[in-house]
Amino acid sequence: MRPTIRRGFLLFIWLVLLALPTAALAAGDINPDKVFREASNLIATGDYQSALEVLDRIPAPSGTDNAGDFVKSRIQKAQLYHALGMSDEAEASCNEVLALFPDHMEAKNVLASLAKSKKPKWVLFIDDMKMFLPSLIQGAGITLFLVVITMVISPIGGLLIALGRISGLPPIRGFCWFIIWFFRGTPLLLQLFFIYYGLPSLGVTLSPTTSAIIGLGINYSAYLAEIIRAGIESIDSGQMEAAKAIGMTYTQAMRRVIVPQTYKRLMPPVGNEFIALIKDTALVSTIAMVELMRSANQMFNTYFNVNVLIIAAMIYLLFTTVFTVTFEKIEKRVGAYENR
């Protein structure tokens, strides 16, 4: 009888010793920091499945006390499952957290992201348009304002510079040549930087809007000046002689005879310049103007959603399409494509 009791006692002791490691783990002998470091290293090497198994080592707490490590592990698991496209498993991990903390925002955000990922792409695009479009339209309004103002200023400036280029007075002709040479030969971005950031060092401080208008206006005046000059010089010299023969002054001949004849020849290149202007307005985002490009860039940096750039591109395409069609109609109206 005694040997049997002894063997039973020894068996009992052996079972107790086997149970001790498990009891110790349950009691919290696991080092959470070590677990998270190991999981992080596995994620860095791309071994996601092993990382999930490591995170599983952190057991569920008996209550909400000391549940921080458990919550952190389950959120990491949910994010890993989500990245791997395992939606059901990710949802289950979030639900483990919500069972302890029903108002846990991070778990709710992961669930919302999971629900969003299940929607068709076209539905997601429509949702993004609803979210991004109001701010983009506001920025597009600034872009359109700059385009319209520059379209008013640059033809006038271009005409004056072009007339100066063909003037008989060498100082005026040289000055206008310098304007064209300088502003066509340097980048528009550099000119905007100098006006907005450089002039304050000389005691002249301008607002972003004023700097943008001046920069775009002078730059496009220089380009249009050469187009207008070429258009004027393409008119037969006999036209000027005939105008003078009937008693017109040089100014009257230019205003009533020469310049009106250049319209149909100027419309195609001028139209191209103004269409390019729509895209060049994006450069003013570098001098703190919140136009279409800057609005799109700010939202992209906030949400990292490529759809905001696609929507911005659609708005630019809409503007250029409207301007292209408009200038085509004007060209036909003034006889740019008249039958010969």
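For segment 181-208, residues that are in contact (Cβ under 8 Å) with a residue 60 or more places away in the chain and either touching a Phe, Trp or Tyr at 6+ places or on another chain (Cβ under 7 Å) or farther than 26 Å from Asn272 by Cα (or both) total 3. Taking each residue of segment 145-159 that is more than 13 Å from Asn219 (Cβ to Cβ) and at pLDDT below 95 and looking for partners that are of a type in the set (Val, Ile, Thr) and surrounded by fewer than 19 Cβ atoms within 10 Å (Cβ to Cβ) with beta-carbon atoms closer than 8 Å, six or more apart or interchain, yields Leu159/Val259.
Here Thr281 fits the description: of a type in the set (S, T, N, Q) and buried (at least 19 other Cβ atoms within 10 Å of the Cβ). Sub-9 Å Cβ pairs linking a first residue in segment 160-180 that is outside the structural domain of Ile258 (by TED's automatic domain parsing) and of a type in the set (D, E, K, R) to a second residue that is surrounded by 14 or more Cβ atoms within 10 Å (Cβ to Cβ) and part of a helix (DSSP H, G or I), at least 6 apart or interchain, number zero. How many residues are part of a helix (DSSP H, G or I) and either within 27 Å of the chain's Cα centre (by Cα) or surrounded by 11 or more Cβ atoms within 10 Å (Cβ to Cβ) (or both) when one looks only at segment 201-216? Residues in segment 201-216 being part of a helix (DSSP H, G or I) and either within 27 Å of the chain's Cα centre (by Cα) or surrounded by 11 or more Cβ atoms within 10 Å (Cβ to Cβ) (or both): 9 in total. Within segment 29-58, the residues that satisfy the criterion of being out of contact with any helix residue (DSSP H, G or I) (no Cβ under 6 Å at 6 or more places or on another chain), assigned to a loop (DSSP other than H, G, I, E, B) and modelled with pLDDT of 85 or more are Thr45, Gly46, Asp47, Asp56.
If the condition is being of a type in the set (Gly, Ala, Ser) and under 26 Å from Asn272 (Cβ atoms), then segment 103-156 contributes Gly139, Ala140, Gly141, Ser154. Annotation: of all residues in segment 290-327 being touching a residue at least 24 places away in the same chain (Cβ under 8 Å) and within 30 Å of Tyr263 (Cα to Cα), the one that is farthest from the chain's Cα centre (by Cα) is Phe327. Scanning segment 180-200 for residues that are over 24 Å from Arg229 (Cβ atoms) and surrounded by fewer than 18 Cβ atoms within 10 Å (Cβ to Cβ) gives Leu189, Leu190, Phe193, Phe194, Tyr197, Gly198, Leu199, Pro200.
Residues that are surrounded by 13 or more Cβ atoms within 10 Å (Cβ to Cβ), among the basic types (Lys, Arg) and closer than 19 Å to Thr320 by Cβ do not occur anywhere in segment 220-234. Within segment 108-143, restricting attention to residues that are in contact (Cβ under 8 Å) with a residue 60 or more places away in the chain and crowded, with 17+ Cβ neighbours inside 10 Å, which residue is nearest to Val259 (Cα to Cα)? My answer is Thr143.
The values are calculated or read from the model by the stated rules, or taken from the named source; none is laboratory data. Every value quoted in this text rests on a predicted model; they were computed, and no experiment measured them. Reconstructed Cβ throughout: ideal geometry from the backbone, glycine too, with neighbour counts over all protein chains shown.
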